[in-house]
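For reference, the structure is listed below as structure tokens.
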Amino acid sequence: MVVVKTSDVRGRQPADLVRTAARNNAEWCDIVCRLHGQAGTYHDGGWTVPKRSPPLYPDAVTLDPSASIDAISPNAPGSRPVATCGGAGGSLDQALEYVTSQNLERRTLATLGCITVVPGAIGAWRREALERMGGFPLDTLAEDQDLTIAFQKAGYAVLYDSTAIAWTEAPDTIRGLAKQRFRWSFGTLQCLWKHREVTFRRRYGTLGLIGMPQTWLFQFLLTSVAPLVDIALAWQITISVLKLLEHQDQFDGDALRKTCFYYLAFLLLDLGSAALAFVLERREKWSLVPWLVLQRFGYRQLMYGIVLKALLSAAVGALVGWGKLERKSSVAAVA
């Protein structure tokens with residue numbers, strides 16, 4: 001069982017603000033659960049869902065700082081360890097990706113005032129604004145990104161707090177990871193197309209001139225052509241080895257040296273940006289940085305394939321559903 005406890009919200013905030021944030025969290029979870037065919041129930045001091053909630057969402061939420069987890073636990077499914085707000089979990093590759101890519105990007109976009117997605121795992125919305133927007137959108141697979149863009153189109157500001165932390169259960173298998181990232185990629189494409197009038201439109205400020213274009217550029221365009229770089233490197237190495245074996249006395253490795261030089265320069269630039277991300281994320285472990293090089297071989301190629309699959313599915317008009325992700329309650333309990 002995964003429970004989000006109100007009193008675990010960091011910082012000393014007025015009780016009414018804490019209750020409002022908790023209620024917002026519960027209503028978000030209830031909407032997602034209803035979309036999956038299971039309605040949650042509000043009890044005294046808490047909200048619970050009768051069956052396992054969808055991946056990455058809690059099974060119960062306390063609605064008051066004084067509410068006890070034990071009091072609402074009998075109404076929640078299972079008797080698995082309880083996880084509360086206060087940390088972040090995930091696999092090694094995903095931990096690196098969040099620190100060096102997503103968090104760094106979100107900091108940059110926040111500075112420019114054009115955040116493109118508020119993560120569903122730990123996002124907060126003003127209720128009156130959400131009601132004015134008609135609630136959560138139901139026509140994309142990335143409802144958090146869809147809503148983030150819609151809010152900014154309507155003139156609302158979206159802020160980023162780097163100190164906000166949430167426990168979340170991340171896929172721990174390649175198959176589960178691929179399904180999750182495919183849904184994210186396809187959902188992002190849906191959002192970009194749904195709000196395509198924003199792109200390059202000055203009236204939407206930095207969202208239209210920077211936020212939306214950079215999403216097209218870095219998440220899809222460059223990712224689509226990036227495999228060609230890997231193929232060129234592999235091809236150059238193969239050709240050079242064959243030439244060396246056939247004509248050792250006439251072998252000229254200048255082309256291979258240039259290829260390796262530029263590839264190494266790319267890796268060093270990548271490591272430099274990762275180091276910057278770790279400087280900003282002071283609570284992260286620097287021991288993860290060396291693994292970034294290994295991540296570029298295997299994990300990165302998997303992401304390339306997923307993005308290409310999403311683009312192909314969108315091009316042919318394939319119907320894509322939410323997908324079922326396995327829940328294992330792998331989030332460790334917090335004392």
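All conditions in (1) in contact with an Asp or Glu (Cβ under 8 Å, 6 or more places away or on another chain); (2) surrounded by fewer than 14 Cβ atoms within 10 Å (Cβ to Cβ) hold for residue 290, with the sole exception of (1).
Of the residues making up segment 281-296, not a single one is of a type outside the set (S, T, N, Q) and modelled with pLDDT of 80 or more. Against the criterion of being outside the structural domain of residue 282 (by TED's automatic domain parsing), at pLDDT 80 or above, part of a strand (DSSP E or B) and touching a helix residue (DSSP H, G or I) at 6+ places or on another chain (Cβ under 9 Å), residue 117 does not qualify.
Among the residues of segment 154-173, are any farther than 21 Å from residue 224 by Cβ and part of a helix (DSSP H, G or I)? Looking for residues that are farther than 21 Å from residue 224 by Cβ and part of a helix (DSSP H, G or I), one finds none in segment 154-173, hence no.
Of all residues in segment 39-71, those being at pLDDT 70 or above, more than 26 Å from the chain's Cα centre (by Cα) and among the polar types (S, T, N, Q) number 1.
Considering each residue of segment 168-184 in turn, at least one proves to be surrounded by 16 or more Cβ atoms within 10 Å (Cβ to Cβ) and among the acidic types (Asp, Glu).
Could you go through segment 308-315 and let me know if any residue there is touching a Phe, Trp or Tyr at 6+ places or on another chain (Cβ under 8 Å), surrounded by fewer than 10 Cβ atoms within 10 Å (Cβ to Cβ) and without any contact (Cβ under 8 Å) to a residue 40 or more places away in the chain. No: segment 308-315 contains no residue that is touching a Phe, Trp or Tyr at 6+ places or on another chain (Cβ under 8 Å), surrounded by fewer than 10 Cβ atoms within 10 Å (Cβ to Cβ) and without any contact (Cβ under 8 Å) to a residue 40 or more places away in the chain. Sub-6 Å Cβ pairs linking a first residue in segment 142-153 that is farther than 17 Å from residue 113 by Cα to a second residue that is part of a helix (DSSP H, G or I) and hydroxyl-bearing (Ser, Thr, Tyr), at least 6 apart or interchain, are 142/188, ordered by first then second residue.
Of all the residues in segment 1-25, those that are under 14 Å from residue 136 (Cα atoms) and either at pLDDT 80 or above or surrounded by fewer than 15 Cβ atoms within 10 Å (Cβ to Cβ) (or both) number 1. Contact map, segment 115-126: first residue surrounded by fewer than 19 Cβ atoms within 10 Å (Cβ to Cβ), second residue in a loop (DSSP other than H, G, I, E, B), Cβ cut-off under 6 Å, separation 6 or more or different chains; pairs are 121/56; 121/166; 121/168; 122/164; 122/166. Pairing residues of segment 82-111 that are farther than 19 Å from residue 145 by Cα and assigned by TED's automatic domain parsing to the domain that holds residue 58 with residues that are in a helix (DSSP H, G or I) and modelled with pLDDT of 50 or more, at Cβ distances under 7 Å and at least 6 apart in sequence or on separate chains, gives no pairs at all.
Here's the yes/no breakdown for (1) hydroxyl-bearing (Ser, Thr, Tyr); (2) closer than 26 Å to residue 299 by Cβ; (3) surrounded by 15 or more Cβ atoms within 10 Å (Cβ to Cβ); (4) modelled with pLDDT of 90 or more:
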| residue | (1), (2), (3), (4) |
| --- | --- |
| 201 | no, no, no, yes |
| 204 | yes, no, yes, yes |
| 210 | no, no, yes, yes |
| 222 | no, yes, no, yes |
| 249 | no, no, no, no |
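Residues in segment 167-183 that are under 16 Å from residue 54 (Cα atoms) and of a type in the set (A, V, I, L, M): 170, 177.
The values are calculated or read from the model by the stated rules, or taken from the named source; none is laboratory data. What you are looking at is a predicted structure, and each value in this text was computed from that prediction instead of being measured. Please note: Cβ atoms are built from the backbone with ideal geometry, for glycine as well, and neighbour counts cover all protein chains shown.
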